[in-house]
Amino acid sequence: MKKIRLSIVRFAPLLLILAFAATQYILIFRHKSPYLSDSYFYKHIFYQMKGDSYDVARAIVVSQVDLTGADDININFFTNDRAYKNSLSFFTKRPFYPFLASFVSIFTSNEFLAFATPVFFAYMASVVLSFYFFRRGLNYFFAVFSLALFISFHPFLDWSTYFLTDTIGFAFWFLILFYIYRYIRNGTKKLLLFFLGILSISLFNREQSLLILPLLLTFWSALKIVGYSKKVSERTLRLILVAGVITGLYLLLMQLTRQRTYLDALVYTQNSYGLFQKEYTFSQTLAYITDSVIRSHFAFVGDLTRYHWWFVFFVLGIIGALRTLFFDTKKRLIDLLLFSSGIASYISIFLYPVLSYRFFYPVVVMMIYFSSKLIQDFFLDLNKHGLK
């Protein structure tokens with residue numbers, strides 16, 4: 001009984017945070033719709049999975065869309081059949097979320113629940129996995145503090161309560177990271193197979209998981225720079241090989257099934273998501289990316305200056321990361337892994353230059369982790385020198 005009571009006390013803060021996260025997730029639906037234009041294209045795929053034809057699925061979707069006060073882009077999506085087909089074609093390579101929704105619909109006729117359930121569980125799984133990684137590198141108090149800080153990041157809650165693939169993708173990202181971490185530490189082949197399987201499935205939720213390969217390459221480079229053991233480097237190279245093969249096979253499959261490419265997505269975005277049908281030269285597209293990246297960074301700095309506490313933690317996170325990477329005598333695997341995760345996520349702004357915080361949750365986790373680590377180490381140093 002004593003052990004049970006100790007376990008309850010030990011996990012009470014985490015359970016309290018999970019309860020709070022679930023409550024705020026449910027309550028937010030009182031004053032917002034979970035549907036964006038992307039959500040309706042996932043619904044279209046859902047209806048076709050349930051047996052409806054393209055025309056029937058489109059008719060159902062269009063009947064649900066309220067275009068009152070809609071902008072030209074959304075009006076074009078749902079009133080122009082050619083534009084609708086064009087936009088839908090960018091979502092057909094992401095069948096995993098509609099598949100989950102169709103599976104849940106076996107147990108309920110409520111479409112809201114069918115689409116909300118996968119995202120809700122991904123949201124909660126993301127919270128648990130974030131705590132797991134915080135706890136690997138921080139003491140219990142700062143792990144709980146970091147987790148509380150993360151769920152207070154409003155874009156995480158806000159975007160998680162839309163019927164989109166981003167939160168599911170983040171849960172996959174950290175689940176993949178979990179098996180990377182475990183495999184590097186243990187080297188069990190079973191963990192490598194889990195990594196392979198989860199990475200493969202995640203690509204059919206959202207192609208952002210392709211960035212796992214740059215993550216591993218960044219991690220391996222960091223290991224070589226700091227002089228980690230040969231065994232750890234060799235295990236990381238095996239992960240890189242597996243990720244490279246899966247990435248290659250996925251890209252080949254997309255080519256064989258004639259799915260829309262990365263360049264198609266760039267041109268689609270340049271054309272205001274299909275509102276226009278202009279053609280662009282390579283130099284024009286490059287100029288578009290450069291300009292969008294610069295404007296995104298200025299917008300991000302503007303957001304930081306408006307939210308002062310997040311500005312403080314962002315600065316502390318940068319200082320903490322630099323201190324850990326360049327001044328700590330012993331670099332831990334978790335430090336290098338979370339740093340590599342954040343860098344790989346950040347790379348996406350240079351590939352798809354749209355500033356939306358739903359694409360950058362790993363960066364947020366990285367900044368929170370290193371800012372908390374800096375504060376923790378500061379107080380540990382005070383205690384060490386008797387300055388309590």
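The set of residues in region 169-211 that are over 14 Å from the mean Cα position of the chain (by Cα), in contact (Cβ under 8 Å) with a residue 40 or more places away in the chain and under 15 Å from Val245 (Cα atoms) comprises Leu192, Phe195, Leu196, Ser200, Ile201.
Scanning region 76-83 finds one or more residues that are under 24 Å from Asp158 (Cα atoms) and of a type outside the set (Ser, Thr, Tyr).
Could you pull out the residue among Thr269, Thr247, Thr218, Thr261 that is in contact (Cβ under 8 Å) with a residue 60 or more places away in the chain and within 27 Å of Phe163 (Cα to Cα)? Thr269 is the lone residue from the list that is in contact (Cβ under 8 Å) with a residue 60 or more places away in the chain and within 27 Å of Phe163 (Cα to Cα).
Number of residues in region 108-129 that are surrounded by fewer than 19 Cβ atoms within 10 Å (Cβ to Cβ) and under 21 Å from Gly51 (Cα atoms): the value is 6.
In region 277-304, the residues that are surrounded by fewer than 12 Cβ atoms within 10 Å (Cβ to Cβ) and in a loop (DSSP other than H, G, I, E, B) reach residues that are modelled with pLDDT under 95 and of a type in the set (S, T, N, Q) with C-beta atoms within less than 6 angstrom, at least six apart or across chains, in these pairs: Lys278/Asn271. Residues in region 38-66 that are touching a residue at least 60 places away in the same chain (Cβ under 8 Å) and in contact with a Pro (Cβ under 7 Å, 6 or more places away or on another chain) were compared, and the one that is nearest to Val104 (Cα to Cα) is Phe46. Within region 316-339, the residues that satisfy the criterion of being in a helix (DSSP H, G or I) and more than 22 Å from the chain's Cα centre (by Cα) are Leu316, Ile319, Gly320, Leu322, Arg323, Thr324, Leu325, Phe326.
Every condition in (1) within 21 Å of Ile151 (Cα to Cα); (2) surrounded by fewer than 14 Cβ atoms within 10 Å (Cβ to Cβ); (3) without any contact (Cβ under 8 Å) to a residue 60 or more places away in the chain holds for Val363 except the one numbered (2).
Between Leu263, Leu251, Leu239, Leu256, the distinction of being surrounded by 15 or more Cβ atoms within 10 Å (Cβ to Cβ) and closer than 26 Å to Asp38 by Cβ belongs to Leu251 only. Scanning region 349-388 for residues that are closer than 30 Å to Asn271 by Cβ and more than 15 Å from the chain's Cα centre (by Cα) yields Phe350, Leu351, Pro353.
The number of residues in region 250-293 that are more than 22 Å from the chain's Cα centre (by Cα) and of a type in the set (A, V, I, L, M) comes to 7.
The values are calculated or read from the model by the stated rules, or taken from the named source; none is laboratory data. This is a predicted model, so every value here is computed, not measured. Cβ atoms come from the backbone with ideal geometry, glycine included; neighbour counts cover every protein chain shown.
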